[in-house]
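The values are calculated or read from the model by the stated rules, or taken from the named source; none is laboratory data. Just so it is clear, the structure is predicted and the values come from calculations on it, not from any experiment. Cβ atoms come from the backbone with ideal geometry, glycine included; neighbour counts cover every protein chain shown. Accessible surface is based on the protein model in full, side chains and every heavy atom, while ligands, DNA and RNA are left aside. Shrake-Rupley method; radii C 1.70, N 1.55, O 1.52, S 1.80 Å.
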Amino acid sequence: SASPTMEIEPLRTMLKRASPGSASELHNGNTNQYRALFWLYYDQENYDNYTDAERIQLWTLGTFYYDTLGHQWRNSKHWMTNATVCEWYGLTCDEETNTWVTEISLPNNRVRRDL
C-alpha cells in the first residue's frame, strides 16, 4: 500500500487530544491503542483522503477490534480492511452521510473482554 504523506507524529498528537487517557499507550508498541495507530497510519490505503474526525473514528474502531480480540470473532468481515467502516460487519452508519458509525451490534460473535 502507498505510504501516507502526513507524518505519524501529528496523527499521534491529534489522537492524544481526542483521547487524553491513551497518551502513554500511543507510544507503547505493546498496547492496542498503538497497534490501531500503526494500522491506521501504515495499512489504510485511503489514509490521506480521510478527515481528522474519520481518522479518530477509524483509530477508535481499530482499538475496539484489538481490545475485544477481533481476530477471534465469528464474523469480522471487512474489519481492519480498506472497506468503508459502513461495510464492516455489525456496524450501522448514519443515513445522511453514510460515514459515521451510530451503532455497533455484534451479538453471539465471541466478542471478548469487558469494556
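Structure notes:
- Accessible surface ranking for HIS71, HIS78, HIS27, 1.4 angstrom probe, highest first: HIS71, HIS27, HIS78.
- Segment THR102-THR51, length gained on full extension (0.36 nm per residue, minus Cα span): 16.6 nm
- Over all other residues within a Cβ to Cβ distance under 12 Å of ASN109, the charged ones net out to +4, with Lys and Arg as +1 and Asp and Glu as -1.
- Taking Lys and Arg as +1 and Asp and Glu as -1, the other residues whose beta-carbon sits under 15 Å from that of LYS16 total -1.
- Global form of segment 64-115, assessed from the alpha-carbon gyration tensor, a/c cut-off 1.5: prolate
- For the chain, the spread of Cα coordinates along the three principal axes comes to 38, 32, 26 Å, biggest extent given first.
- The chain - mean residue ellipticity at 222 nm from DSSP helices (-39,500 (n - 2.57) per run, n ≥ 4, rounded to 500): -10500 deg cm²/dmol
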